[in-house]
Amino acid sequence: MISIFEFKQFNKLDQTNAELDNFIQLLIDIAVDNAINYLNYDFRKKDYVEVYDGDNSDRLILNNYPVNSVLSIGKYDNLTGNFQTLVQGVDYSRLIIKDKTMVILEGGLFEAGNQNYQISYNAGYDDIELPKDIKLGLLELASLYFNESSQGQGMLFVIQKNRPQMGMTENFDKNAEQRIFEIRFQKYRRYNV
C-alpha cells in the first residue's frame with residue numbers, strides 16, 4: 001500500500017540507508033492492520049468467496065468494497081448439497097455491480113433463505129487505485145509509530161517540544177492516532193458490522 005521509499009521520502013530519511021528498512025516495513029504493516037481494524041473491512045485488493053442470505057430482492061450488498069468484479073454467483077441446491085452456478089465470469093447480461101458495493105441480478109431475485117447464495121468476487125484497492133487520503137493516512141500512521149519509537153528522531157503531532165537538556169519536557173498528543181483515523185479514514189468506514 002505504501003513503500004519504504006515513500007515512507008522515507010515522507011519523513012525526509014536517507015533513501016540509501018537500509019538499516020531501518022525492516023523496522024519501517026513492520027510499522028507500515030501495523031499501520032495497514034490498524035486502518036483495516038478501524039474501517040471494519042480489508043481495503044486491500046483480493047478475491048473473496050462468501051455466503052449470503054437471499055431476501056427476495058434483486059440485490060445483495062457485499063461485505064467488501066469497492067467491488068471490482070464478480071467471478072460467480074451460485075445458489076444452494078438442497079438436492080445436491082452444493083451451490084449451482086447462476087452467473088459466472090463475464091456473464092454480465094444479468095449482473096450489475098452498483099456503486100461498487102452491491103450486485104444486482106436483473107430479471108431475477110435472490111430468493112429468501114439462510115446462506116443460500118455463494119458469491120465469488122474481487123474487491124479492494126491495489127497500490128495504484130488506493131485513494132490519496134487513505135495513502136496519506138497510512139503514511140501518517142506509520143510515521144507516528146516510527147516517531148514514537150526509540151528509532152524516531154522527533155515526535156509527530158507534538159503539542160509542545162522543549163529542550164530536555166535544559167530541564168524542559170515534551171508533551172505528546174495522545175489523540176493523534178484517533179485524529180488520523182477520523183480525518184483520513186472515516187468516510188471509508190463501514191458501520192453496523
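The values are calculated or read from the model by the stated rules, or taken from the named source; none is laboratory data. Computed from a predicted model, the values in this text were never measured in an experiment. Reconstructed Cβ throughout: ideal geometry from the backbone, glycine too, with neighbour counts over all protein chains shown.
Considering each residue of the range 11-36, count those that are among the charged types (D, E, K, R), on the phi < 0 side of the Ramachandran plot and assigned to a loop (DSSP other than H, G, I, E, B), and give that number.
2
From the list VAL67, VAL32, which one is touching a residue at least 12 places away in the same chain (Cβ under 8 Å), assigned by TED's automatic domain parsing to the domain that holds ASN147 and within 30 Å of GLN178 (Cβ to Cβ)? It would help to see each step written out before you state the result.
Values: VAL67 fails: assigned by TED's automatic domain parsing to the domain that holds ASN147.
The unique qualifying residue is VAL32.
Among the listed residues ASN63, ASN22, ASN37, which satisfies the condition of being under 26 Å from THR101 (Cα atoms) and at pLDDT 95 or above?
Within the list ASN63, ASN22, ASN37, the selection yields ASN37.
Does any residue of the range 66-87 turn out to be under 20 Å from ARG184 (Cα atoms), surrounded by fewer than 18 Cβ atoms within 10 Å (Cβ to Cβ) and either under 13 Å from the mean Cα position of the chain (by Cα) or modelled with pLDDT under 95 (or both)?
No, the range 66-87 contains no residue that is under 20 Å from ARG184 (Cα atoms), surrounded by fewer than 18 Cβ atoms within 10 Å (Cβ to Cβ) and either under 13 Å from the mean Cα position of the chain (by Cα) or modelled with pLDDT under 95 (or both).
Select, from LYS75, LYS100, the only residue that is in contact with a Pro (Cβ under 7 Å, 6 or more places away or on another chain) and not assigned by TED's automatic domain parsing to the domain that holds ASN147.
Values: LYS75 fails: in contact with a Pro (Cβ under 7 Å, 6 or more places away or on another chain).
Only one candidate passes the filter, namely LYS100.
For the range 38-59, check the following and say yes or no: at least one residue is aliphatic (A, V, I, L, M), touching a residue at least 12 places away in the same chain (Cβ under 8 Å), surrounded by 12 or more Cβ atoms within 10 Å (Cβ to Cβ) and within 30 Å of ILE4 (Cβ to Cβ).
yes
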